[in-house]
Structures are given as structure tokens and as C-alpha cells.
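*Asks:* Dumping the structure here so I can ask a few things about it.
The values are calculated or read from the model by the stated rules, or taken from the named source; none is laboratory data. Predicted, not measured: the structure shown is a model, and the values here were computed from it. A quick note on method: Cβ atoms are made from the backbone with ideal geometry, for glycine too, and the neighbour counts reach across all protein chains shown.
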Amino acid sequence: MYMGMGTADDIPLSVLFPQSSAAGLESLRRAARGVGGTQAGAFAKGWDWWPAYSVFAGPQSETWVILILCAVQPSGDGDWLEFQLQVGWTELGQHEVSASVNVACMCEADHGTHDVGVLTFVVGDEISLPQAFEACAERMTVQLTDSRDADFWRAREDLPTRRM
């Protein structure tokens, strides 16, 4: 399956979101440029996108991500954070936009990561795709200015601390 990677200016927004207006696409591009430009080193990899998921294909067992920006930040010995902004589909065929910080799991179950600081919007009558994307891009920009220490985020969410 084809996957694209690049900067905010490389994203084929009209392909990924064919139902969006020119003004809506420009709003998405501005927000994508803004969040990607906040921490240039953190986003060396840039954006990833999947044109094959641009049209809803019915309910799936997993989330189909259309567009994502993910910055992995090491935080101590074997510890990490991931700052993510993504657009995908809900089970009912609506766009879902979210921003989150994924903190390495230190639970006994060791199930991977915990999503903290999550902001999620389901696009519909209450909010448009550009509005949701702008809000999540702003949230991610703020999160990137917070601590890069995973234990800071664990304490904030009352999660188990790192095992030494």
C-alpha cells in the first residue's frame, strides 16, 4: 500500500480530503505548517499519509489513519514520549482528529503506552475538519513546549512511575 511522507507542503490534502473546500484545505495546510515548525528537530521525519484511506471503506477492526505527525522523544534510560497529531475515521465514517502524548507504559502489565493529554474531535455538525485540525494542532504545539520528561506526564496523569 502506498504511503507518503514529507513536510506540510508535501501533503496531498486535496487527495486525502477530497470533500474539503479550497479554503478548508488551506486552513489545514497552515495548521500543519505551524505545528511542524514549532520543533523542527523533533519532526525530522515529518508527516505520514495514506491516500488509500482517504475514502471511508466501512467499519474496520482498527483505526484507519489518513494523516499523522508523530515525534518520538527519548526521556531517560529506555523511556520515551510520542507527540501525535492524527486524522482518521470513526466507525461511523466521520473524520476524527486527535492530539495526544503517548507515554511509555511502566505498569506491571507493560501494555505499550498510555495516551495522556488527549484532545479528540469527531467532525460533524458541531465542528468542521479544519476547526478540529486547528484545535488539535494548537494543543500539540502547547504540549511540545511542556516537559520532555516522561515522568512529568505520568505524574500529571497519576500513572505508575518508571521502574529503576
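*Asks:* Taking interchain pairs and intrachain pairs at least six residues apart, which have beta carbon atoms under 7 angstrom, with the first residue in region 22-35 and in contact (Cβ under 8 Å) with a residue 12 or more places away in the chain and the second surrounded by 18 or more Cβ atoms within 10 Å (Cβ to Cβ) and polar (S, T, N, Q)?
*Replies:* Partner pairs satisfying both residue conditions: 34/141; 35/141.
*Asks:* Any idea which of 161, 145, 90 is in contact with a helix residue (DSSP H, G or I) (Cβ under 7 Å, 6 or more places away or on another chain) and farther than 19 Å from residue 24 by Cα? Write out each step before concluding.
*Replies:* Working: 145 fails: in contact with a helix residue (DSSP H, G or I) (Cβ under 7 Å, 6 or more places away or on another chain); 90 fails: in contact with a helix residue (DSSP H, G or I) (Cβ under 7 Å, 6 or more places away or on another chain).
Checking each option against the conditions leaves just 161.
*Asks:* Farther than 18 Å from residue 150 by Cα, out of contact with any Gly (no Cβ under 6 Å at 6 or more places or on another chain), at pLDDT below 95 and crowded, with 18+ Cβ neighbours inside 10 Å: which single residue out of 4, 36 fits that description?
*Replies:* Values: 4 fails: crowded, with 18+ Cβ neighbours inside 10 Å.
Selected residue: 36, the only one of 4, 36 that is farther than 18 Å from residue 150 by Cα, out of contact with any Gly (no Cβ under 6 Å at 6 or more places or on another chain), at pLDDT below 95 and crowded, with 18+ Cβ neighbours inside 10 Å.
*Asks:* Check region 16-32 and report whether any residue there is closer than 20 Å to residue 116 by Cα, surrounded by 12 or more Cβ atoms within 10 Å (Cβ to Cβ) and either polar (S, T, N, Q) or at pLDDT below 80 (or both). Don't jump to the end; show me each part of the working.
*Replies:* First, the residues of region 16-32 that are closer than 20 Å to residue 116 by Cα: none.
No, there is no match, as no residue in region 16-32 is closer than 20 Å to residue 116 by Cα, surrounded by 12 or more Cβ atoms within 10 Å (Cβ to Cβ) and either polar (S, T, N, Q) or at pLDDT below 80 (or both).
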